[in-house]
Amino acid sequence: MIVHAANPIYDSIFKYLVEDKRIAKILISALLKKEVLDVEFRRHEYTNNVRNDISMFRIDFGARVREADGSEHLVLIELQKTWIETETLRFRQYLGAQYSDPNNIQKEERLKHGYAIPMVTVYLLGHKVGNIEEPILYVDHKSYDYNGHEITKGLPDPFVESLVHNSIIVQIPRLHGHVNNRLEEVLSVFDQNRTNEFNHHIININEEEYANDDDMLYIVRRLTAAAANAKLRHDMNVEDEFFTAIENRDTTIMNNEREIAEQRAYINEQKSQINEQQNQLNEQQNQLNEQQSQLNEQQSQLNEKNKMLQSAIKAMMNNGLDVATIATSLGITAGEVEALMAK
């Protein structure tokens, strides 16, 4: 049977979904691949209904989990969900605030200051990340010695766990067709290929897919209830208006940036042409300077030659030679002799 459920990609619907403690346990258990004994909402979520730069839903859980060896411990889950692509700095800023929050420190009697609660960050992204094709990416930290050999003895250690954390990245657009494990099954309700063609607030779910899974049927029924909730339908409309405004603004910014880039390219081309012309002028000026230098050198040589001729003419005249004899002797004309004598 096909049912019409609210689309959990919307912040308001996702918030309504995970406010149910049973669903929160189902989701966190699937994410961590561990048995979750209890879930605590550690602080109010941060939705971005008033800021005009990006929508980012944030919520913190404290989950008590049981390991395979039977041991139990508390894990802090920092979940951030966004529709549109954003800078990683925004994620880091929120994460940094959680690292510095004294409420995230667990005290022990033998310790003066205590250690931070182990943390796992979860990113539910409404966009793809580069060329990574896997819809779900687990990023786990490991420890190595100087030679690159993995260290396992003594780990996990509370001091190390206080300073590093694991991450889970979910690419919602890549969930389509992937139901190969428990987490992908739980996240299948986010598959946007299920969206109703007439109303993107609604996703069409075939309940028969989860006939033998009480937890998934519980999630589907909560989403079905959300679809019938007038306030939640209104909240989805508000989110649509918000994102439409963001998209229009971003489109305007993108167009302006493209025009500015084109203008800059034109200006740079003009500058390049001017620089080329200036280089040509500089080259021509260098050639003129070279020619002038050659002329000056020739003039200097000519002046030196004339001085030598003047000295010779003067000496010959003192010896009583006439102009014609001097000209013949020096291989120049009589007029040139007279001109040199006149200087």
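Here are a few things to note about the model shown:
- If you take all other residues with their beta carbon under 12 Å from the beta carbon of Arg233, and give Lys and Arg +1 and Asp and Glu -1, the sum is -2.
- What the phi angles of region 322-328 give under the Karplus curve with 6.51, -1.76 and 1.60, with θ = phi - 60°, is a coupling list of 8, 4, 4, 5, 4, 4, 5 Hz, glycine and proline written as x.
- Taking a ≥ b ≥ c as the square roots of the eigenvalues of the Cα gyration tensor, region 149-267 is oblate, since a/c reaches 1.5 or more and a/b is not larger than b/c.
- Local net charge near Ile203, Cβ-Cβ under 12 Å (Lys/Arg +1, Asp/Glu -1): -1
- As a fraction of the 1.4 Å probe accessible area of region 185-277, surface on carbon and sulfur atoms comes out at 48 percent.
- Gyration tensor over the Cα atoms of region 209-293: the corresponding equivalent ellipsoid has semi-axes (square roots of 5 times the eigenvalues, largest first) of 70, 17, 6 Å.
- Over region 287-340, accessible surface divided per residue gives 73 Å², non-protein components excluded, 1.4 Å probe.
- For the residue pairs Lys21/Lys231; Lys128/Lys271; Lys21/Lys128; Lys25/Lys128; Lys81/Lys231; Lys33/Lys128, the C-alpha atoms sit more than 31 angstrom apart in Lys128/Lys271.
- Under 25 Å from Lys343, Cα to Cα: lysines that are on another chain or at least 8 residues apart: Lys305, Lys307, Lys314
- As a calculated quantity, the FRET efficiency between Ala312 and Glu283 at R0 = 45 Å, using C-beta atoms, amounts to about 0.55.
- Formal net charge of residues neighbouring Arg221 (Cβ-Cβ distance under 13 Å; K, R +1; D, E -1): -3
- Taken along the Cα-to-beta-carbon direction at a fixed 7 Å, the label points for Met254 and Glu276 span 3.3 nm.
The values are calculated or read from the model by the stated rules, or taken from the named source; none is laboratory data. What you see is a predicted model, and the numbers here were worked out from it, not measured in a lab. Cβ atoms come from the backbone with ideal geometry, glycine included; neighbour counts cover every protein chain shown. Accessible surface is based on the protein model in full, side chains and every heavy atom, while ligands, DNA and RNA are left aside. Shrake-Rupley method; radii C 1.70, N 1.55, O 1.52, S 1.80 Å.
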